[in-house]
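**Q** Starting off with a structure, shown below.
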Amino acid sequence: MLSLPLPVKIFWSVAPTDMRKSFDSLCALVSEQLGQDPLSGHLFVFTSRRRDRVKLLYFERGGLAIWYKRLEEGTFATPQPAASGKSVQLTAEELSLLLAG
């Protein structure tokens, strides 16, 4: 189970992401595409093109961490952005529901 420090903002990236990306590449996506600071303590969620994999990037206690999940069946429901946004801001409850399927 993932425990989130409060208050934390959660940003779900709308664009599909190459799941081979790791810390530096995901940090670049956060900075360039989402316009956020990857070291801010916020949580950033990325999904694969098929929406069967998800990666979470966050900064905790002096270092970056990645949480990764792959579904054996089905896909993650992707939230829809307002207008032409590049991310959707979620609550901890919404993230929990989306990750649970």
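The values are calculated or read from the model by the stated rules, or taken from the named source; none is laboratory data. Bear in mind that the values here come from a model prediction, so they are computed numbers and not experimental data. Neighbour counts run over all protein chains shown; Cβ positions are idealised from the backbone, glycine included. Surface areas here come from the heavy atoms of the whole protein model, side chains and all, with no ligands, DNA or RNA. Shrake-Rupley method; radii C 1.70, N 1.55, O 1.52, S 1.80 Å.
**Q** Within the range 17-26, can one find any residue that is among the polar types (S, T, N, Q), farther than 21 Å from residue 70 by Cβ, out of contact with any Ser or Thr (no Cβ under 6 Å at 6 or more places or on another chain) and at pLDDT 95 or above?
**A** No, every residue in the range 17-26 fails to be among the polar types (S, T, N, Q), farther than 21 Å from residue 70 by Cβ, out of contact with any Ser or Thr (no Cβ under 6 Å at 6 or more places or on another chain) and at pLDDT 95 or above.
**Q** Quick one: residue 98 ticks every box in (1) free of Cβ contacts under 8 Å to residues at least 12 places away in the same chain; (2) of a type outside the set (D, E, K, R); (3) outside any loop (DSSP other than H, G, I, E, B) bar one, so which box is it?
**A** So the condition that residue 98 fails would be (1).
**Q** Taking the range 53-92, which residues are closer than 22 Å to residue 35 by Cβ and in contact with a Ser or Thr (Cβ under 8 Å, 6 or more places away or on another chain)?
**A** Across the range 53-92, the qualifying residues are 54, 55, 59, 66, 78, 81, 86, 87.
**Q** Just wondering, is there one or more residues in the range 19-35 that are in contact (Cβ under 8 Å) with a residue 60 or more places away in the chain, open to solvent by less than 60 Å² (accessible area, probe 1.4 Å) and part of a loop (DSSP other than H, G, I, E, B)?
**A** Looking for residues that are in contact (Cβ under 8 Å) with a residue 60 or more places away in the chain, open to solvent by less than 60 Å² (accessible area, probe 1.4 Å) and part of a loop (DSSP other than H, G, I, E, B), one finds none in the range 19-35, hence no.
**Q** Also, I was wondering about something else. Being part of a loop (DSSP other than H, G, I, E, B) and open to solvent by 30 Å² or more (accessible area, probe 1.4 Å): is that true of residue 73 here?
**A** It is true that residue 73 is part of a loop (DSSP other than H, G, I, E, B) and open to solvent by 30 Å² or more (accessible area, probe 1.4 Å).
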